[in-house]
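Read the structure below first, then the notes.
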Amino acid sequence: MKNRMSLVAAVAFAFCATAGFAAAPKEAVLGADAPAAALTVIRHMAFGVDYDSQSTIQTKVSGIGIGLSSGLVNDDGPEAHRRSTVSVDVVAATADGGLAVDISQDRSPPFRVGILGDDLMLGPNVACTEEEQALLPYLARGFVKADTVTVGAKWSAHSYGGGVSALTTYTITSVDDAGHTIGLAISGSSSSQGVKAFDATTTGFATYDISKLVPLKLDLTTRTVVSRGERLGTVIAHVGATLDEDSFQKT
């Protein structure tokens, strides 16, 4: 809790700096509807992002009285396709390894997020898009947790929040010492029980710059299965991101 509060305090200051406050409670800071206070940007990044999702719905039928045989009826569900630019401005870096960042997508109004390890700190009135949720954890300052940066080294990240448990494993598949980059294979799973129960699996890969602490390329595919009574929904979503701008790459 001590580390988390250190980041909360930094984000609080970021929100309240222009009003003369030194800090504010987490709920007041992250739940504010007002735009983030203007601060000096210490790092700017922009990612070109593609998001695609397709879904199918299976419905169990008995066949009684509707002229159908018992079994499953398959229907196409909603789908989405979009290409955008996600801009990330780092406005604070805390001693506990956290970051406070302002996020905007295709010039939408920015909102502030705290990134600490595997956790994203969002206010109740803030909603990330699927692609923002996929990208932001890879910006954590302590993202690489391997003891040695060698091919075959791996580490896992566990998280639990809001009734959702998740486990993701990262395996180093290549090391480019000259370019200061590593290749990663990504494998993960997440699930939730109860009314909003689901099971999801994720696979993908990334090229990560270990000197600048940023993913250069990210490719993730997630298959989510949701069961609601007689209906079974499956969503396959793909996120592809490429770093297009980074003020640190010029230093």
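The orientation-averaged projected area of the convex hull spanned by the Cα atoms of the range 99-251 comes to 10.3 nm². Computed with a 1.4 Å probe over protein heavy atoms only, the accessible area of residue 191 comes to about 30 Å².
For the range 129-182, with all protein chains in place and a probe radius of 1.4 Å, 51% of the accessible heavy-atom surface sits on carbon or sulfur.
Compared with the alpha-carbon gap, the fully stretched path from residue 169 to residue 156 is longer by 4.3 nm at 0.36 nm per residue. Kirkwood hydrodynamic radius of the range 160-234, from the reciprocal of the average inverse Cα-Cα distance over all distinct pairs: 14.2 Å. Scanning residues 5 or more positions from residue 155 or on other chains, those with amide H under 5 Å from its amide H are 170, with H placed 1.01 Å from N in the peptide plane. What the Cβ-Cβ distance of residue 85 and residue 221 gives, at R0 = 22 Å and to the nearest 0.05, is a FRET efficiency of 0.55. In the neighborhood of residue 213, defined by Cβ-to-Cβ distances under 12 Å, what is the net charge if each Lys or Arg adds +1 and each Asp or Glu adds -1? Net of charged neighbours comes to +1.
Counting Lys and Arg as +1 and Asp and Glu as -1 over every other residue whose Cβ lies under 14 Å from the Cβ of residue 238, the net charge comes to -2.
When the Cα atoms of the range 125-200 are aligned to their principal axes, the ranges along those axes come out at 49, 24, 16 Å in descending order. Extents of the range 198-251, largest first, come to 57, 16, 12 Å (Cα atoms, principal axes, whole angstrom).
With every protein chain in place and a 1.4 angstrom probe, the accessible-area ranking of 224, 148, largest first, reads 148, 224.
Using a simple spin-label model with pseudo-atoms 7 Å out from Cα toward Cβ, residue 203 and residue 52 lie 1.6 nm apart.
With a Förster radius of 41 Å applied to the C-beta separation of residue 191 and residue 76, the computed FRET efficiency comes to 0.95.
The values are calculated or read from the model by the stated rules, or taken from the named source; none is laboratory data. These numbers come from a predicted model, not from an experiment. Note that each Cβ is placed from the backbone with ideal geometry, even for glycine, and that neighbours are counted across all protein chains shown. Note: accessible area is taken over every heavy atom of the protein model, side chains too, but ligands, DNA and RNA are not part of it. Shrake-Rupley method; radii C 1.70, N 1.55, O 1.52, S 1.80 Å.
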